[in-house]
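**Student:** Right, I'll just put the structure down here and ask away after.
Every read-out reported here was derived from the displayed coordinates using simple, explicitly stated rules and does not represent laboratory data. Everything numeric here is computed off the predicted structure, so don't read it as measured data.
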Amino acid sequence: MLDYCWQCGTQLVNVGQFYQGAARTREYSVPNQQLPPVNNGYGQNYGQNYQPRQATFSVGRIAAVLGGFFLFLLFIGGAGAAVVYRVVSRPPVPRYEPEYRYRNPEPQKPSVKEKTANEKLKSGNPSAAFQKIWVDYDVREEGRLGMRIHVKFSVYNMKEVDSYLAIYFEKADGTKLTGNNRKYSSTDGQAAVFRLLKPGFEDTIYNDLKVFMPYDELSLANGKHDLKMDVDLIYENGDIVEHLGYHDFQYEKK
């Protein structure tokens, strides 16, 4: 049997063969209200045991929630600022201008089909095959300002043959340039530079044969000039072995 009321906690009193019931629930429906003691009919008064639940507020919990909210706003603001900085404040891409004012197109391919290396070697006649040419401008050798010319080519059937790499200078329209002294000119007075060759094998490859031409050996007036180089392989007596190609360039004399 129950000794206390399951609703309000009031002790139940044994009256004969029945228990005294608890006071009606409606009398305890208002929280925090002081109710009069209940008489059980035998001169005993029992006060109610009902204790309303106290409302509690946690300052720490509120502070934690507010702190997390502000951290989230700070993260979003920082991410947005980083995106804006990268888009708006991106430095411009630098542009580099060439240090010299010369144009160096690749030499034009001949319209006539050339013989292959094997065909030239099997023919038994001295021959050559041109690969490419490139130039370093505004360089000094022995105190003189000029251009260093690089040539890559191969020779065939020329073991121990005295020969020269010859580079002649002329205007773009084919007019020959006159040399200032015999060291930098051909027998007919054209401005030119030479490199002595004597291959040690029948089939010899020159990956980077260099020659130097001083600017002051070119008889030109002040101003810009469209010029070209005529590159040949010649015998010691001046007869041509093979024409290797042309190379266009622009020179400005001040």
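**Student:** Taking H placed 1.01 Å from N in the peptide plane, check which residues at least 5 places from residue 219 or on another chain put their amide H under 5 Å from its amide H.
**Tutor:** Answer set, sorted by chain and number: 178.
**Student:** Using the C-alpha gyration tensor of the stretch 117-253, what are the square roots of 5 times its eigenvalues, in whole angstrom, with the largest one first? Mind showing how you got there, number by number?
**Tutor:** Working: eigenvalues 156, 41, 38 Å².
Working from the Cα gyration tensor, I get semi-axes of 28, 14, 14 Å.
**Student:** Give me the distance between the Cα centres of the stretch 159-180 and the stretch 225-253, rounded to whole Å.
**Tutor:** Measuring centre to centre over Cα atoms gives 5 Å.
**Student:** ³J(HN,Hα) across the stretch 231-247 via Karplus (A = 6.51, B = -1.76, C = 1.60, θ = phi - 60°), whole Hz, x for Gly/Pro?
**Tutor:** Here the 3J(HN,Hα) series is 9, 9, 10, 10, 6, 5, 7, x, 5, 7, 8, 7, 7, 8, x, 10, 9 Hz.
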